[in-house]
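The values are calculated or read from the model by the stated rules, or taken from the named source; none is laboratory data. Keep in mind it's a predicted model, so treat the numbers as computed, not measured. Using ideal geometry, Cβ is built from the backbone for each residue, glycine included, and neighbour counts are taken over all protein chains shown.
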Amino acid sequence: MVSWHHQEWNAIWAFLIGKDFGAFPAYMLAAVHPERVSGVITLGIPFMLPGPSAARNQQLPQGFYITRWQEPGRAEADFGRFDAKAVVRNIYTLFSGSEVPVAAEDQEIMDLFDPSAPLPPWFSEEDLSVYASLYEKSGFRFALQVPYRTLNVDCGITEPLVKAPTLLIMGEKDYVRKFPGIEDYIRSGAMKQVVPDLDIIFMPEGSHFVQEQLPDQVNEFIITFLGKHSA
């Protein structure tokens, strides 16, 4: 999602907003073309350089969901046992929690779903139907290919630097914070070595889907950031 800031002749400056894996292209564009980016806002994911070290799968259990979904054909077989609406329901229910989804050796990720679990209160049956209708048309193959199966591809950047003003919005109850090293990376200030002009907002009740869960608050943070850096 892009908010155009200023255009003069052939120069365009933009604010980039990326949620989850959308943070990767936002940060990379700002690093590669700093002259084109006025600011970066990401939700749920701090700066991480795409490549072999991005997911750190070796530090996570065998049944970690990213590891499972990176394996060609495995998620397709898992998802294929259900219709699109059930898959979307399962994902929203599983991934709105504060724990990292990890399957046992004899399980697949969809097996972790509890059929009696209600949808999150901020995600309606109407929302579910709309989302599911999109995947009924497209399937899940591309969503698995990008980003999961391209996450470890070396992006060719060795010393990234994001000079643009940056805002990271994280939910305190986002399961991503429990990935190895993520919490310390964010709170210790280490991220500022790559993104020096960084502000971080932690939302106490926020989940991984914070923009859907608390849209008014998230919009307020974004508008405030844009106003601060648009002059």
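Which of the residues belonging to region 107-131 are closer than 15 Å to ARG81 by Cα and surrounded by 11 or more Cβ atoms within 10 Å (Cβ to Cβ)?
We begin by selecting, within region 107-131, every residue closer than 15 Å to ARG81 by Cα; these are 107-113, 115.
Correct list: GLN107, GLU108, ILE109, MET110, ASP111, LEU112, PHE113.
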Quiz item: Right, PHE225: closer than 16 Å to GLY18 by Cα and surrounded by 16 or more Cβ atoms within 10 Å (Cβ to Cβ) or not?
Solution: yes
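Mind listing whichever residues of region 202-231 are within 20 Å of VAL37 (Cβ to Cβ) and in contact with a helix residue (DSSP H, G or I) (Cβ under 6 Å, 6 or more places away or on another chain)? Steps first, answer last, please.
Of all residues in region 202-231, those within 20 Å of VAL37 (Cβ to Cβ) come to 221-231.
Those that are within 20 Å of VAL37 (Cβ to Cβ) and in contact with a helix residue (DSSP H, G or I) (Cβ under 6 Å, 6 or more places away or on another chain): none in region 202-231.
Kindly provide the set of residues from region 131-158 that are in a helix (DSSP H, G or I) and not hydrophobic (A, V, I, L, M, F, W, C), ordered by number. Show your work before the answer.
Start the filter on region 131-158 by keeping residues that are in a helix (DSSP H, G or I), which leaves 131-138, 141-148.
Result: TYR131, SER133, TYR135, GLU136, LYS137, SER138, ARG141, GLN145, PRO147, TYR148.
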Practice problem: Tell me, yes or no, whether region 150-158 has at least one residue that is at positive phi and modelled with pLDDT of 90 or more. | Solution: no
Quiz item: Hey, PHE123 hits all of (1) under 18 Å from the mean Cα position of the chain (by Cα); (2) not assigned by TED's automatic domain parsing to the domain that holds ASP78 but one; which does it fall short on?
Solution: (2)
Exercise. Taking PRO165 as the residue in question, decide whether it is in contact (Cβ under 8 Å) with a residue 40 or more places away in the chain and in contact with a Lys or Arg (Cβ under 9 Å, 6 or more places away or on another chain).
Key: yes
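Part of a loop (DSSP other than H, G, I, E, B) and modelled with pLDDT of 90 or more, is that true of LEU128? Reasoning before the result, please.
Values: part of a loop (DSSP other than H, G, I, E, B): no; modelled with pLDDT of 90 or more: yes.
No; evaluated as a whole, the condition is false for this residue.
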Quiz prompt | Residue list for region 69-86, filter: out of contact with any Asp or Glu (no Cβ under 7 Å at 6 or more places or on another chain), surrounded by 13 or more Cβ atoms within 10 Å (Cβ to Cβ) and not in a loop (DSSP other than H, G, I, E, B) | solution = TRP69, GLN70, ARG74, ALA75, GLU76, PHE79, LYS85, ALA86
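Yes/no per residue for (1) touching a strand residue (DSSP E or B) at 6+ places or on another chain (Cβ under 9 Å); (2) loosely packed, with under 15 Cβ neighbours inside 10 Å:
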site	(1), (2)
VAL146	no, yes
LEU151	no, no
GLY156	no, yes
VAL176	yes, no
LYS192	yes, yes
Exercise. Considering only residues that are within 20 Å of PHE21 (Cα to Cα) and in a loop (DSSP other than H, G, I, E, B), look in region 98-125 and name the one that is modelled with the highest pLDDT.
Key: SER98
Quiz item: When GLN213 is evaluated against the numbered criteria (1) surrounded by fewer than 16 Cβ atoms within 10 Å (Cβ to Cβ); (2) more than 30 Å from GLY51 (Cα to Cα); (3) not assigned by TED's automatic domain parsing to the domain that holds ARG68, which criterion, by number, is the only one it fails?
Solution: (1)
